[in-house]
1. Considering the Cα trace of segment 394-469, what is its radius of gyration and what is Dmax, both in angstroms?
2. Between beta-carbons, use under 13 Å as the cut-off and find the net charge around GLN25, counting Lys and Arg +1, Asp and Glu -1.
3. Lone cysteines in the chain, defined as no other cysteine's Cβ under 4.7 Å from theirs: which are they?
4. How large is the convex hull of the Cα atoms of segment 114-205 per residue, expressed in Å³ as a whole number?
5. Say the dipole of the chain comes from +1 at the beta carbon of Lys and Arg and -1 at that of Asp and Glu; which of PRO94, PRO294, VAL401 then lies farthest toward its positive end?
6. Quick one: the Cα spread of segment 325-454 along its three principal axes, in angstroms, biggest first?
7. How far is helix 3-14 tilted, in degrees, relative to the longest principal axis of the Cα atoms in the chain, given as a value from 0 to 90 rounded to the nearest 10?
8. Give, as a single signed number, the net charge of other residues whose beta carbon lies under 15 Å from the beta carbon of ALA177, with Lys and Arg counted +1 and Asp and Glu -1.
Amino acid sequence: MRWSLLLLLPLLANAAEWPQYRGPQGLGIANEAPLPTRLDPEKNLVWKAATPNGGSSPILTEQRLFLTGYEGERLFVVALDRSNGELLWKREVPRPREEMFNKTHGPASPSPVTDGENVYAFFGDFGLISFDADGNERWRMPLGPFDNINGHGSSPIIDGDKLILAVDQNINSFIAAIDKDSGKILWQVDRSEITRGYGTPGVFRPSNDVPQIVMPGSYTTISYDLETGKKLWWVRRMAWQLKCVPLFDGDVIYINSWEAGGDPGQRRETAPFDEVIAEHDADKDGQLSKAEVPDQRLAGDRNWLEHDLDANGFMGRRDWDFYAARRAPENSLLAIRPEGRRGDLTETAVEWRYNRSLPNSPSPLLLDGLLYLIKSGGIFQSIDPKTGEPIKLARLGKESVDKFWASPVAGDGKIYLLDQGCNVTVVKPGAQWETLAVSPLEGYCLATPAIVDGRIFVRTDQAVYAFEE
């Protein structure tokens, strides 16, 4: 483990909050208070509270637990008493439209964020909204409509007075810094080189450069100056539809990128747009209609919806270029060391790439000098963060073979893994990790658990559970 993370752990040990998706700094690491190995509603359940459905992860201040959810066509921000689960308030958020979303999750997937008092939430069907601790609306920022056929999953984060929001979509992607107290935009940067994605940004503070926002996106991870939004550097050759949060370890960044079609042996070469136009553009209008595309599978309703990014009924150069990129992505977990450089760092700043058994949605966990990955089917592995070499890759056990959407979190010398069927698997970390226990809960689980002061909070589609040792 590098010294930067060693220095950070005492801060985490004193933290009484879990302020954003995946906790302080997005690391997924909690304080070292005792935590249960088994989560048993009959033995160590502190409280259980019924909540609206939603895929967003719970966040906590010293007194509140916040989450977002939906009931039918209505959207909500909810506050519970952290100590006993009592409902403190439930505020409905306007829903002027109902955009498309993947049925796996729903319209309340981005996790809220807190500055310790107030809560900030983003909904693809509305935009941003902020409430104080008592549920009084502070400000709202209607945004959209958006163009992301799977809905939104990127969560806002806060650094100082700035709320950072990334919106990746088929067209008009952007990243913005917003004054958290006034709701005014401080800067906004176009990300049109990026199509839809679901990653969450992170704040990178290297020892030899300015503070930066690092945002994983389709095929490319990009760094922006935290104060101005200026684009600083980028790394290509990644998957599309990234879903991870970046991990920072001193001057090194770890990014996981996986999407169907990007594993070794699956990538396909595609003819350049000019060649395709020359051969197939029958009416010579400089674009491809459904009848003109060389592969008629593209003309199918779903495929056309996926690739006609601006929804104008034709495939232009940008549409074709992204189609070609989608056929040849490079799934990989990679380590990046920018070292103060600028521009395209794809060939100069990547220390290693690893492309075996990568997860779709869960982000990596960096704990005590090892990286950990959890993949659907219960495939868990430890990796050397210095070299990218795998150490142990195996299944957790016969009870943990479902899909995994939630990211791993850790505390008290244990790693907690939550699958779609709401089985909580507890692992003893180490190069030769071992499964300690599996605890089944009722429901359907997408949200990443939160851990604060000896309690682990697990959200299902029906309720939030609080367990302690």
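Just so it is clear, none of the values below were taken in a lab; they were calculated from the coordinates. Just so it is clear, the structure is predicted and the values come from calculations on it, not from any experiment. Here Cβ is always computed from backbone atoms with ideal geometry, including for glycine, and neighbour counts include all displayed protein chains.
1. 11.7, 36
2. -1
3. Cysteines lacking a close Cβ partner in the chain: CYS244.
4. 96
5. Towards the positive end, the residue furthest out is VAL401.
6. That gives 48, 34, 27 Å along the principal axes, largest extent first.
7. Its long axis makes an angle of about 50 degrees.
8. Result for the local shell: -2.
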